[in-house]
Amino acid sequence: MFIKICGITNEEDALTAVGLGADALGFVFAPSVRQVTPGAARDIVKRLPPDVLTVGVFRDQSPAEVSRTVLEVGLSGAQLHGHETPAEAAEVRRAAKVLIVAFPAGDPGLAHVDDYHADAVLLDAPAPGAGHVFDWSLAESIPLGRRVILAGGLTATNVADGIATVRPWGVDVSTGVEVPGDPLRKDPVRMHEFIKAARGAASSLLGGSPFDDDAFDDGGAPRGFGRAPFDWAEQGD
């Protein structure tokens with residue numbers, strides 16, 4: 001089970017999340033209370049182990065800006081969380097080893113997700129970052145065999161149910177592991193409980209399936225995430 005802790009704003013939280021077993025960290029460069037500057041993110045990223053996937057989160061920013069930030073900060077990947085087109089995603093791919101595209105649950109655009117040639121699809125609530133859970137049955141709108149990261153209001157108490165219902169390849173959390181009332185700080189206890197619950201659910205429900213793969217390659221990406229776009233065709237329809 002791939003686990004991403006998003007909304008990282010400081011080095012202490014980043015190192016704690018990694019120490020607790022997170023596979024990836026997300027840095028928000030789109031307008032948000034959790035937004036960080038490229039300089040601040042770069043200072044954090046350079047202190048992280050090379051096997052941690054670092055992902056920049058962008059929303060409706062130009063491909064040139066996204067690519068420049070990815071390279072400046074030294075990020076492993078980019079997550080496009082707006083209304084980016086497949087052509088814009090292709091431009092970002094030139095700079096990012098890993099590409100994640102995010103869609104609100106139930107978005108009709110999910111029918112055309114293959115056009116993005118992304119490594120994974122992040123399924124979120126209609127209001128990202130608000131800590132709201134969406135109707136998980138809407139995950140059925142994603143074509144079968146796609147690598148799905150479940151987000152939106154996940155916490156240590158509901159992540160097991162989310163995994164059992166959606167059977168995602170990974171999970172993404174931000175608000176659910178924050179210090180209450182402080183979106184700029186993560187709570188170590190909440191992160192520990194979330195990661196433990198997610199791993200436990202994946203172990204019992206998914207066993208040794210392809211979704212339970214958190215080994216890393218030499219490029220710092222989860223094995224199978226890789227530098228090349230995920231080949232949807234190999235997964236069937």
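Tabulated data for the structure shown
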{"item": "The listed residue being within 30 Å of E91 (Cβ to Cβ), touching a Ser or Thr at 6+ places or on another chain (Cβ under 9 Å), hydrophobic (A, V, I, L, M, F, W, C) and at pLDDT 90 or above, out of A151, A130, A118, A139", "result": "A151"}
{"item": "Residue in region 170-204 that is modelled with the lowest pLDDT, counting only those that are of a type in the set (D, E, K, R) and farther than 22 Å from S32 by Cα", "result": "R199"}
{"item": "Subset tally (residues that are without any contact (Cβ under 8 Å) to a residue 60 or more places away in the chain and in contact with an Asp or Glu (Cβ under 6 Å, 6 or more places away or on another chain)) for region 1-46", "result": "2"}
{"item": "Filter result (under 14 Å from the mean Cα position of the chain (by Cα) and over 17 Å from D60 (Cβ atoms)) within region 75-96", "result": "L75, S76, G77"}
{"item": "Looking only at region 19-78, and only at residues there that are surrounded by fewer than 18 Cβ atoms within 10 Å (Cβ to Cβ) and of a type in the set (A, V, I, L, M, F, W, C), the one that is nearest to V179 (Cα to Cα)", "result": "V33"}
{"item": "Failed criterion for R167 (all others in (1) surrounded by 20 or more Cβ atoms within 10 Å (Cβ to Cβ); (2) modelled with pLDDT under 95 hold)", "result": "(1)"}
{"item": "From the options V18, V28, V33, residue that is within 23 Å of V66 (Cβ to Cβ) and under 17 Å from the mean Cα position of the chain (by Cα)", "result": "V28"}
{"item": "Positions within region 63-96 being of a type outside the set (A, V, I, L, M) and more than 22 Å from D124 (Cβ to Cβ), in sequence order", "result": "S67, R68, E72, G74, E91, R94"}
{"item": "Evaluation of M1 against (1) more than 21 Å from V66 (Cβ to Cβ); (2) modelled with pLDDT of 95 or more; (3) among the hydrophobic types (A, V, I, L, M, F, W, C) (one fails), failing number", "result": "(2)"}
{"item": "Unmet criterion (only one of (1) part of a helix (DSSP H, G or I); (2) in contact with a strand residue (DSSP E or B) (Cβ under 6 Å, 6 or more places away or on another chain); (3) modelled with pLDDT under 95; (4) more than 17 Å from W169 (Cα to Cα)) for A111", "result": "(2)"}
{"item": "Condition check for D60: under 19 Å from V121 (Cα atoms), of a type in the set (D, E, K, R) and under 15 Å from the mean Cα position of the chain (by Cα)", "result": "no"}
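The values are calculated or read from the model by the stated rules, or taken from the named source; none is laboratory data. The structure displayed is predicted, hence computed values, not measured ones. Don't worry about glycine lacking a Cβ; one is built from the backbone with ideal geometry, like all the others, and counts go over all protein chains shown.
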